1. Mind checking which of F13, F86, F98 has the largest fluctuation in a GNM of the chain, springs on alpha carbons under 10 Å?
2. Tell me the mean residue ellipticity at 222 nm calculated for the chain from its helices only (DSSP H runs of n ≥ 4, each -39500 (n - 2.57), averaged over every residue, nearest 500).
3. Of the GluC sites (Glu not before Pro) in the range 11-104, which ones lie in a loop per DSSP and count no more than 15 other C-beta atoms within 10 Å?
4. For a quick protection proxy, order the peptides 141-147, 90-96 by their average other-Cβ count within 10 Å, most packed first.
5. How high is the FRET efficiency from K225 to D52, r the C-beta distance, R0 41 Å, rounded to 0.05?
6. When ranked by the protection proxy of mean other Cβ atoms within 10 Å per residue, highest first, what sequence do the peptides 206-214, 20-28 form?
7. Enter the angle in degrees (range 0 to 90, nearest 10) between the Cα long axis of helix 200-218 and the first principal axis of the Cα atoms of the chain, meaning the one along which they spread out most.
8. Can you give me the angle between helix 65-74 and the longest principal axis of the chain, using Cα atoms only, in degrees from 0 to 90, rounded to the nearest 10?
Amino acid sequence: MKRINILTIFPEFFSGILTTGLIAKALAEKIVEINIINIRDYSEDKHKKVDDEPYGGGAGMVFKIEPIYNALKKLNLLNKAEIILFSPIGKLLKQNDFKELVKNDEIALICGRYEGVDFRVAEHIATKIYSIGDYIIQGGEIAAAVLLEGFLRLVPGFVGNDESIKYESYEDNLLEYPQYTRPQNFNGWQVPEVLLSGNHQLIKEWREKKRLELTKKYRNDLYNKYIN
């Protein structure tokens, strides 16, 4: 069973996520264990303070290293789990990263806030650092939710039909082929005839062709990587 530990100062953020859809089902069936850890519980400050002013001055507050280190140490995650920090300095999170991460039995996700996390966490504690995009959001919780979704979909038994994840976007550096369903005709917009033919070989060939076409049209960077 995979175990995911999420370190945050807003545990309530994850309450809806953990009680919805396939994640709730996976938890009930013990396919995965998800522990939400309140970083404040590991603060040595009598007021459970987890942040302080930055050395050298500047706006905002910075997450202290002690509560994060204390939590990881007391939960026996140091030198055991893959410890992931979300930060603008991190590698852009991609599908291949999920494939590598899911090889781990246990991961820990550190959700920063404010002006960031004491850089010693990145230097000495985190084993991987990720960013979900070149933009700024309020904190690491949304990034953790993104990683959680991508990670769990690759855990055996999480998705009902494992075949459904084999031909998705970003596999082999291509986007997924277009999908259609009923009605066959809507406002004069028709479903491609080949999909109604019942000829599985023709459908397979059409889908492979469309994967190339869509990737070239919408994600030329991926297309160039594929052809090279």
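Coordinate-derived values only; no laboratory data. Quick caveat: nothing in here was measured; it's all calculated off a predicted structure. So basically every Cβ, Gly included, is an ideal-geometry build from the backbone, and we count neighbours across all protein chains shown.
1. Highest fluctuation of the listed residues: F13.
2. Values: 7 runs with 70 residues, N = 228.
Taken over the chain, the calculation gives -9000 deg cm²/dmol.
3. Values: sites: E12, E29, E33, E44, E82, E100; in loops: E29, E44.
Within the range 11-104, the qualifying GluC sites (Glu not before Pro) (loop, at most 15 other Cβ atoms within 10 Å) are E29, E44.
4. Descending mean neighbour count gives 141-147, 90-96.
5. Details: r = 44 Å, r/R0 = 1.06.
My answer for the efficiency is 0.40.
6. On the way: 206-214: 16.0, 20-28: 13.4.
The densest-packed peptide leads the list: 206-214, 20-28.
7. 50 degrees
8. Roughly 80 degrees between the two axes.
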